[in-house]
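This report refers to the structure that appears directly beneath it.
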Amino acid sequence: MNYYNEIKNELVNNEIYKRVKDYSKNKSDLTTYYNVGKLIVEAQGGETRAKYGDGLIKEYSKKLTIDLGKGYDDSALKRMRQFYLIFQKGATMSHLLSWSHYIELLKLKNINEINYYIKIAEEQNLSVRELRNKINSKEYERLDDKTKEKLIKKEENKVTDFIKNPILIKNKCDYKDITEKILKQLILEDLENFLVELGDGFTFIKSEYKIKIGDRYNYIDLLLFNYKYNSFIVVELKVTELKKEHIGQIQVYMNYIDKNIKSMSHNKTIGIIICKHDNEFVMEYSSDERIFETTYLINN
């Protein structure tokens, strides 16, 4: 087989197809670059030897540049080879993502991480810039290990599975001392980003949500609703390590919402405690699986 001619024909046909059927150029690009990557690997003698065959890529690159013009330098051909190889290792291709999306994903080595970002880029219709920001914030790395295992096994997720740990909170005013009041202010100033850090489907209801327990008024730091999981979310902010009394407090608030606010069609209320440091021992005091504890990281 003349591998160079096969590669050239794939690329020429793709250029023609994109001009005629621009609406499906993503699919055409991805299919073409996958096929080119496959041909390159075969021309180099298989996957094991492919990484040592960059001389052949340079040769093909020079010829393609002469025959087809710019856009096919050795870096581009290496990306196509890598693109093919990651799908051989178990990545899932989505034609809803562009080649530019995949260029960002090719920087990653963990196939499970790549699949995670493919999934959320598809579900959330992420731009290339938005995808890059999520990767740079190490969103996947901040997921719980149990959540990562669920993703691999494609098991059903809970509302708290995609809450990051730590949650990144931007400190735009460069506050030195973070009190609970300032922490809440930082969250409200960048509310959209905060909701994204929690996961998918979170919407804001109110801060300092007033409830009456007995003859006293109490205030829930943040009351949210998750439309994907159909449940209210009580969020309490602490600038100290987690303490058992924090768990007792949020349970009271959750029970109030369940009794007085939620309807029969809603699932049980979820509680999220955002605190300064991890303290797994304290969590043993809580037998309520609806309560999730995470930490925050102030990002200047």
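I'd like to know if region 183-206 contains one or more residues that are part of a strand (DSSP E or B) and farther than 30 Å from Tyr117 by Cα. Checked region 183-206: at least one residue is part of a strand (DSSP E or B) and farther than 30 Å from Tyr117 by Cα.
Within region 145-174, track down each residue that is open to solvent by 70 Å² or more (accessible area, probe 1.4 Å) and farther than 30 Å from Leu30 by Cα. Once the filter is applied, which keeps residues that are open to solvent by 70 Å² or more (accessible area, probe 1.4 Å) and farther than 30 Å from Leu30 by Cα, region 145-174 yields Asp145, Lys146, Lys158, Lys170, Lys172, Cys173, Asp174.
Quick grid of which residues meet (1) closer than 30 Å to Asp174 by Cα; (2) β-branched (Val, Ile, Thr); (3) at pLDDT 85 or above; (4) not in a strand (DSSP E or B):
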site	(1), (2), (3), (4)
Val235	yes, yes, yes, no
Thr240	yes, yes, yes, yes
Gly248	no, no, yes, yes
Asn255	no, no, yes, yes
Lys259	no, no, yes, yes
Asn267	no, no, yes, yes
Val282	no, yes, no, yes
Leu297	yes, no, yes, no
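Selection over region 156-177 of residues that are under 20 Å from Thr203 (Cβ atoms) and hydroxyl-bearing (Ser, Thr, Tyr) gives a count of 1.
Filter region 208-233 for residues that are assigned to a strand (DSSP E or B), hydroxyl-bearing (Ser, Thr, Tyr) and buried (at least 17 other Cβ atoms within 10 Å of the Cβ) and give the result. Answer for region 208-233, where residues must be assigned to a strand (DSSP E or B), hydroxyl-bearing (Ser, Thr, Tyr) and buried (at least 17 other Cβ atoms within 10 Å of the Cβ): Tyr209, Ser231. Just one residue in the set Phe87, Phe83 is open to solvent by 20 Å² or more (accessible area, probe 1.4 Å) and aromatic (Phe, Trp, Tyr); that residue is Phe87.
Checking the structure you have, find out if any residue of region 44-53 is out of contact with any Pro (no Cβ under 6 Å at 6 or more places or on another chain), open to solvent by less than 50 Å² (accessible area, probe 1.4 Å) and on the phi > 0 side of the Ramachandran plot. Checked against the condition, which is being out of contact with any Pro (no Cβ under 6 Å at 6 or more places or on another chain), open to solvent by less than 50 Å² (accessible area, probe 1.4 Å) and on the phi > 0 side of the Ramachandran plot, region 44-53 yields at least one hit.
In region 1-25, the residue that is modelled with the lowest pLDDT out of those that are more than 18 Å from Arg79 (Cα to Cα) and either of a type in the set (Phe, Trp, Tyr) or outside any helix (DSSP H, G or I) (or both) is Tyr23. Report yes if some residue within region 188-205 is open to solvent by 40 Å² or more (accessible area, probe 1.4 Å), farther than 25 Å from Arg142 by Cβ and among the charged types (D, E, K, R); otherwise report no. Taking every residue of region 188-205 in turn, none turns out to be open to solvent by 40 Å² or more (accessible area, probe 1.4 Å), farther than 25 Å from Arg142 by Cβ and among the charged types (D, E, K, R).
Restricting the search to helices (runs of 4 or more DSSP H) fully inside region 26-105 and requiring at least 1 residues that are modelled with pLDDT of 90 or more and out of contact with any helix residue (DSSP H, G or I) (no Cβ under 7 Å at 6 or more places or on another chain) gives 54-68, 74-88. The single condition from (1) closer than 24 Å to Lys18 by Cβ; (2) modelled with pLDDT under 95; (3) in a helix (DSSP H, G or I) that Arg129 fails is (2).
The values are calculated or read from the model by the stated rules, or taken from the named source; none is laboratory data. Predicted, not measured: the structure shown is a model, and the values here were computed from it. Reconstructed Cβ throughout: ideal geometry from the backbone, glycine too, with neighbour counts over all protein chains shown. The accessibility values were calculated without ligands, DNA or RNA, using every heavy atom of the protein model including side chains. Shrake-Rupley method; radii C 1.70, N 1.55, O 1.52, S 1.80 Å.
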